[in-house]
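Asker: Quick one: the structure is below, questions incoming.
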């Protein structure tokens, strides 16, 4: 073997050793199939091309991990809050698995040190870190199964990195609550500017909310954001009447 | 005991027997905690009120079951289609767990015979049947765990009631693909009518798509639906460039 190949193999093993001990130290277990974990850190910008046009990156694992994480967090909250309704549970889950929350988490866990990507995506992609976290969950699930993954997520991630009491208090805007409800119900939503009254800084915007092609209500304000907020608050009282009473 | 109480107890046991044998016949197992399954069929319109303002209906189980179902279907498709990308997998999953798909499934399984609700919700609620199916999945998960639920969903539900080859061919509109992507990425989306050109039946509508408060592109057509479709197709080529090439 020439020196080039030897050096490459050395590098491979040393980076693998780093990944294995990182997982052991951070999450408390030894990975079985290390290939899955390496793949979890491979951003699509540096996807490996193999035959039949298949590209290997962490996107498929991210899709799987996102679903498994959603299920585990749903279960955790269901049991932690036995007297709260599903609206509360759905909201709490969104706060935990939101893109910004997972990006922050990924940094706290130091996942960014292992992510492989081209430089451009590192600075441009909003979600490269959170996506890698989800892909890592997908890898653990395939490697160790659901119950093991659930224990890791609850005992190593949620208990160490989330302050549930604080999250309960965290206020979420009316617009995001509405979008969340719409997504859960699998409806479409539009925020349409249907009228602009007056001119200049005194211009009033009228925003109409349309859910599943049905107009629900309007809100008006001097800014589009304000009009959307008012319309969203109104829409929430219409679609969730019992929760407001 | 007076006759009224005896008759009530009799009715309770006979309805419970019906539910137990239904589950055994349809899904192939005996329920452990029958209370969970009864709750899965209780629509919020007939929620039981207990102390501390807590209302018992199937909404919490539906929240849990929705998440578990999403995870199992994600896993099933991940393994069934090892060479397809996550866009394909996400699309396939949406087709399986869409509201209309779950409503149909619920009818096929005959769940509607067990759903308790007031008459009004039965005729008015679009999703009462699909919701009960999700709640049933939540009940199985709490009663028997993830791996058992996964086997039931794959072997008793997907294999018997879904034609995966047909689902692959099923065309999904550009607008729903776009909304699906936006939901996955946890962005907001607006379809704004920004201009109306001309009058009467020759009127052209200009729809602008705004994702996370950033204008993406416009489409125009003689109908709002048409303009939305064109704008959505354009948006898809912008946000998913590599999948279109």
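Asker: If you put a point 7 Å past Cα along the Cβ direction, how far is that point for residue A:110 from the same point in each other copy, in nm, smallest first?
Answerer: Residue A:110 label point versus its equivalents elsewhere: 5.8 nm.
Asker: Tell me, how many Å apart are the Cα centres for the stretch A:66-82 and for the stretch A:19-47?
Answerer: Cα centroid to Cα centroid, the span is 24 Å.
Asker: Based on the alpha carbons, how large is the Rg to Rh ratio for the protein assembly as shown when Rh follows Kirkwood?
Answerer: That ratio is 0.99, to two decimals.
Asker: OK, next. Return the average number of partner chain Cβ atoms within 10 angstrom of each residue Cβ along peptide B:190-199. Can you show the working numbers first?
Answerer: Numbers: counts 10, 6, 7, 5, 2, 0, 0, 0, 0, 0.
What the average comes to for B:190-199 is 3.
Asker: Do you know the relative contact order of chain B, to the nearest whole percent, from alpha carbon pairs under 8 angstrom that are 6+ apart?
Answerer: Details: 306 pairs, mean separation 37.6, N = 245.
Normalised by residue count, the contact order of chain B is 15 percent.
Asker: Starting from one equal scatterer on each C-alpha and no solvent at all, send me the Debye-based log10 I(q)/I(0) for chain A at q = 0.16 Å⁻¹, two decimals.
Answerer: -1.16
Asker: Over 15 Å, how big is the tail of the calculated P(r) for the stretch A:32-124, in percent of all Cα pairs? Don't skip to the answer; put the middle values down first.
Answerer: Values: 2990 of 4278 pairs.
Considering the stretch A:32-124, 70 percent of its Cα-Cα pairs are separated by more than 15 Å.
Asker: Semi-axes of the equivalent ellipsoid for the stretch A:174-244, please: Cα gyration tensor eigenvalues, times 5, square-rooted, ordered largest first, whole Å. Present the calculation step by step, with values, prior to reporting the outcome.
Answerer: Working: eigenvalues 108, 28, 17 Å².
Equivalent-ellipsoid dimensions as semi-axes: 23, 12, 9 Å.
Asker: What list do you get for A:173, B:71, B:127 if you sort them by fewest beta carbons within 10 Å? All intermediate terms of the calculation are to be shown ahead of the outcome.
Answerer: Numbers: A:173 13, B:71 28, B:127 17.
Lowest count first: A:173, B:127, B:71.
Asker: Compare A:154, A:50, A:164 in a GNM of chain A, Cα atoms joined below 10 Å, and give the one with the largest fluctuation.
Answerer: A:50
Asker: Further, regarding this structure: Determine by what factor the alpha-carbon radius of gyration of the stretch A:58-99 differs from 2.2 N^0.38 Å, reporting the quotient.
Answerer: On the way: Rg = 11.4 Å, N = 42, 2.2 N^0.38 = 9.1 Å.
Output field value: 1.25.
Asker: Taking Cα atoms, how many degrees apart are the long axis of helix B:99-109 and the longest axis of chain B, rounded to 10 and kept between 0 and 90?
Answerer: 30
Asker: Now, a different point. What percent does the relative contact order of the stretch B:33-171 come to when contacts are Cα pairs within less than 8 Å and at least six residues apart?
Answerer: Values: 162 pairs, mean separation 49.5, N = 139.
With pairs under 8 Å counted, the relative contact order is 36 percent.
Asker: Using Cα-only point scatterers and the Debye equation, what is log10 of I(q)/I(0) for the stretch A:22-74 at each q in 0.18 Å⁻¹, rounded to two decimals?
Answerer: -0.74
Asker: Enter the angle in degrees (range 0 to 90, nearest 10) between the Cα long axis of helix A:59-80 and the first principal axis of the Cα atoms of chain A, meaning the one along which they spread out most.
Answerer: Between the helix axis and the principal axis of chain A, the angle is about 60 degrees.
Asker: Write down, largest first, the equivalent ellipsoid semi-axes of the stretch B:71-121 in whole Å, where each equals the square root of 5 times an eigenvalue of the alpha-carbon gyration tensor.
Answerer: Values: eigenvalues 191, 22, 12 Å².
Result for the stretch B:71-121: semi-axes of 31, 11, 8 Å.
Asker: Give me the three principal axis extents of the stretch B:115-221 from the C-alpha atoms, as integers in angstrom, largest value leading.
Answerer: Here the spans come out as 60, 35, 29 Å, largest first.
Asker: Highest GNM mean-square fluctuation, chain B, Cα pairs closer than 10 Å: which of B:114, B:29, B:222?
Answerer: So, out of B:114, B:29, B:222, the one fluctuating most is B:222.
Asker: In whole Å, what three semi-axes, largest first, describe the equivalent ellipsoid of the stretch A:119-161 built from its Cα gyration tensor (square root of 5 times each eigenvalue)?
Answerer: Working: eigenvalues 125, 34, 6 Å².
Those come to 25, 13, 5 Å.
Asker: Note the angle between two axes, namely the Cα long axis of helix A:174-184 and the longest principal axis of the Cα atoms of chain A, as a number of degrees from 0 to 90, rounded to the nearest 10.
Answerer: 60
Read-outs throughout are calculated quantities, based only on the coordinates presented, and are distinct from any laboratory measurement. Source: prediction; values computed, not measured. Note: ideal-geometry Cβ built from the backbone for every residue, glycine included; neighbour counts use all protein chains shown.
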